[in-house]
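The structure under discussion appears below in the form of structure tokens.
Nothing in this text is a laboratory measurement; each read-out follows from the coordinates by a stated rule. Just so you know, these numbers come straight off a predicted model, no measurement behind them. Here Cβ is always computed from backbone atoms with ideal geometry, including for glycine, and neighbour counts include all displayed protein chains.
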Amino acid sequence: MASKITSPVTSPSLQTSLFHPGMRIAIACSGGADSVALLRTLLEQRDQLGIVLSVLHMNHGIRGEEAAGDEAFVRELAAQCNLPIHLRAVDAPANAQSHREGLEEAARNLRYAWFWEILAANDTDAVVTAHTLDDQAETVLHRLVRGAWTEGLSGIHAVLKPSTRQLGLVLRPFLSASRAQIEAWLQSTGQSWREDSSNRDTAFTRNRIRHELLPALANYNPAIKKQFAQLAALALDEESYWQAELARLLPSLLLPGKAVRGGGRATNTMLGNESLSMEVERLRPLHPALRRRVLRAAAEQLGVSLSFDHTQRLLALAGFGELAPGELAPKDARNPKSRLELRNGLRAERTPREIRLFSEPEKPARGGNQNAASAEYLVPVPGVVDAPVFGIRLEAALGKAAGVAATGYPSAILRANRPGDRVTLLHSRSSLKINEALRRARLPAANHTPILEWQGEIVWVPGLAIDSPLARQAVLCITSSALA
């Protein structure tokens, strides 16, 4: 009887073109399957590539004894491979609270700050991370669900360059390798790895995408992860082309300040008072795709990133679409221009010839509480805070649902409603401005309506039934009472 022949499991695909002989490589290793496989693969090809290896491991201070076990595992692995190791311990939960970030975001920011610190010290030429094809697919789908532009759909880049002039790069050479291939190879070599229990917690959106949404989409297309990775590659090339086009065209389209009578332009050199203008007739012959990008690029030069809805409203103000009723700010009888409020204090002004983007300090209404516009209170989740400016005591509690932890959530922010804030009401399909939502609920609109923002999402406005996926997932309950 013929014996059954099994094909040997090959090592995961590695993008070797990212490396050159003599390169000093620091491997970011968490102890998980992906990073352990990256370490083992680079070690296996070290002599062929001519590279020098070391190991990085960060303890984020999130999972207690489990995280300590991860650190011990990586220490032992580095010792077995005779590689130097660099360790860093941080408190990601405290950092998330102080910087008003989500826990995952805070952990990532701390991690990459350390990478840039190491690179800036010229101790290594590149930090490599073990992002895989699965990570790419999850990232693209996550951004697609949230409403990303083309640059967002480009996903995880194989090469991440620093925003400053410091030396070094972050490289992702595993983007063509799948998690299944990686785990199969590790098992075939007898190499163990650590499992992060938080990766199974579906309270995190990314985990729901990994464990629920992507498997559901795979029923329609078994190669769905590969398709999302290909979409990322296409979007990256598209974005590279458009950025080159914008660099070529913007200098001739963007004008500083605003036009004045008799010719010339008036500009304000005070920090935070910059403005940019565009002649409407110069925008008219542009293809809609380019016109949209020009407006977004102008806003970005003033420090504001516009959403799709904000961009469409700006296009409509310029005469390339229709504005919804009530979108325009009231005209000043002495200066009858059309104005539009966008986001983060950015405003647009339409004159017969131009569209001007500028920032303008918010003026409190006469008789209103001038402190309320800038007041912010940090609300622990769970926890209670008194907010004298708003005259309320607010309590955030977590419901007793399966899988809901009592601790570990970032704090929320109680603040006043700002231009551009929007919410989605229960049983509603689209988001609304806060004051419009209050009107629909037959509630009085105020100059400084208090709102609660949690992990970047507005989860509470007094009197409104808000549809918040974050609050629903965590069974977040918000109650308020008047201060005595």
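Would you list 377, 220, 409, 241 from fewest to most Cβ contacts within 10 Å?
So the residues, fewest neighbours to most, are 220, 241, 377, 409.
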- prompt: Cα convex hull of the stretch 1-129: how many Å³ per residue?
  reply: 156
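Could you please rank 460, 193, 114, placing first whichever residue has the fewest other Cβ atoms within 10 Å of its Cβ? Before the final figure, lay out the partial values.
Details: 460 25, 193 21, 114 17.
If I rank by nearby Cβ atoms, fewest first, I get 114, 193, 460.
How long are the three semi-axes of the equivalent ellipsoid of the stretch 16-229, in whole Å, if each is the root of 5 times an eigenvalue of the C-alpha gyration tensor, listed from largest down?
Working: eigenvalues 132, 89, 75 Å².
Calculated on Cα positions only, the semi-axes equal 26, 21, 19 Å.
For the stretch 35-100, what's the relative contact order in percent, using C-alpha pairs closer than 8 Å and at least 6 residues apart?
After rounding, I find 37 percent.
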258, 161, 225 arranged by Cβ crowding within 10 Å, fewest neighbours leading: 161, 258, 225
field: residue 10-residue 52 pseudo-label distance in nm [points 7 Å out on the Cα-to-Cβ vector]
entry: 3.2
